[in-house]
Amino acid sequence: MTHPKRCVRVGGDVNTPPRQAALIVNTKSRKGREAFRDACRLLKEAGVELVLEKAVKDPSKLSAEVRKAVEAEVPMVIVGGGDGSISSTVDHFVGKKSVFALLPLGTANSFARSLDMPLDIEGAVGVITRGKVKAVDLGMLDDDYFANCAAIGLSPLIAETVPNGLKKWLGRPGYLAWAALEMARFKPFRVTITQGAQVETLDALEVRIANGRFHGGAELVKTRVDAGEIVIQAITGRLRAKLLWSWGLALIGPDQVRGTVREFRGREFRIETDPPLPISIDGEVEARTPVTVKLARRAMLMAIPS
């Protein structure tokens, strides 16, 4: 890797994306293998000097590759993959000089959707080369940063069991079909949400912890990545049919969903469940309740649409 030029912050942000970058792609993501060569070509054609081109075949090694590039102070590190790939790497950018850039190559691409990013390679490269750089918010579960959304309930159950081939070849329809199968063994739970002196205990079917608008590719929350708040949504009740109803309303939009949820907004919460449950973070099971949820304000520099 050649020694990179350092980027300079202007009022906490960088005016335009750097012209020197590392490209690191999870080729096990749904579109990763096909997109890697196209992205290399398009970035070079747009005048970006790639000091590193890395196709990562083992997703467990993606985070380490990104960390090395950030520690080398590459001005911009472009990560290609799905939402899980993103959340496994954003920790490395917090408080650092490197700009995070995204090639959305997953099934749902919820973080990209929350930022209004194009989902095709040409459009994403356009943002990386002609967009702007801004310091964006991240969420935190205890000491772990996440990009877009975490969930308690059926989502972690699906994430733990869904076959990789189903997501890769069938995309969102395959994911939804598997969700319907897992619904049969799903059980409601009790959740206690503490915000300062306010404590509320609810019967719940699902709890979403949102930094962005989208979850599972559907727009569920009225918020922005730079809104300065975390949104907690609890689908309340014990009848599984209500969960299906809420998901169905999600296809229409977030205004309809809000009629089926109890919503909390703020910068810090404590979440406990009975029984203790796994938490999926941007589609990957990475934590368990109880957990402290926080907002990390303006945590990393990112290339976003102008």
| request: Go over the candidates D83, D91 one by one and state the one that is of a type in the set (D, E, K, R), within 17 Å of the chain's Cα centre (by Cα) and buried (at least 24 other Cβ atoms within 10 Å of the Cβ). | output: D83
| Matching option when the condition is in a loop (DSSP other than H, G, I, E, B) and crowded, with 17+ Cβ neighbours inside 10 Å, among G106, G126 | G106
| task | Report, by residue number, each residue of the range 209-222 that is part of a loop (DSSP other than H, G, I, E, B) and in contact with a Lys or Arg (Cβ under 6 Å, 6 or more places away or on another chain). | result | G217, V221
| Of the residues in the range 258-306, how many are without any contact (Cβ under 8 Å) to a residue 60 or more places away in the chain and part of a strand (DSSP E or B)? | 4
| task | Would you mind stating whether A135 is in contact with a Phe, Trp or Tyr (Cβ under 6 Å, 6 or more places away or on another chain), modelled with pLDDT under 95, surrounded by fewer than 24 Cβ atoms within 10 Å (Cβ to Cβ) and not in a loop (DSSP other than H, G, I, E, B)? | result | no
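Here is a yes/no grid of residues against (1) under 21 Å from V136 (Cβ atoms); (2) touching an Asp or Glu at 6+ places or on another chain (Cβ under 9 Å); (3) assigned by TED's automatic domain parsing to the domain that holds L157:
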site: T192; (1), (2), (3): no, yes, yes
site: Q198; (1), (2), (3): no, no, yes
site: V207; (1), (2), (3): no, no, yes
site: G217; (1), (2), (3): yes, no, yes
site: D226; (1), (2), (3): yes, yes, yes
site: I230; (1), (2), (3): yes, yes, yes
site: D282; (1), (2), (3): yes, yes, yes
site: T289; (1), (2), (3): no, yes, yes
| query | Of K44, K28, K57, which residue is at pLDDT 95 or above, basic (K, R) and assigned by TED's automatic domain parsing to the domain that holds N109? | reply | K44
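The values are calculated or read from the model by the stated rules, or taken from the named source; none is laboratory data. Just so we're clear, the structure is a prediction, and the values are computed from it rather than from any experiment. Cβ atoms come from the backbone with ideal geometry, glycine included; neighbour counts cover every protein chain shown.
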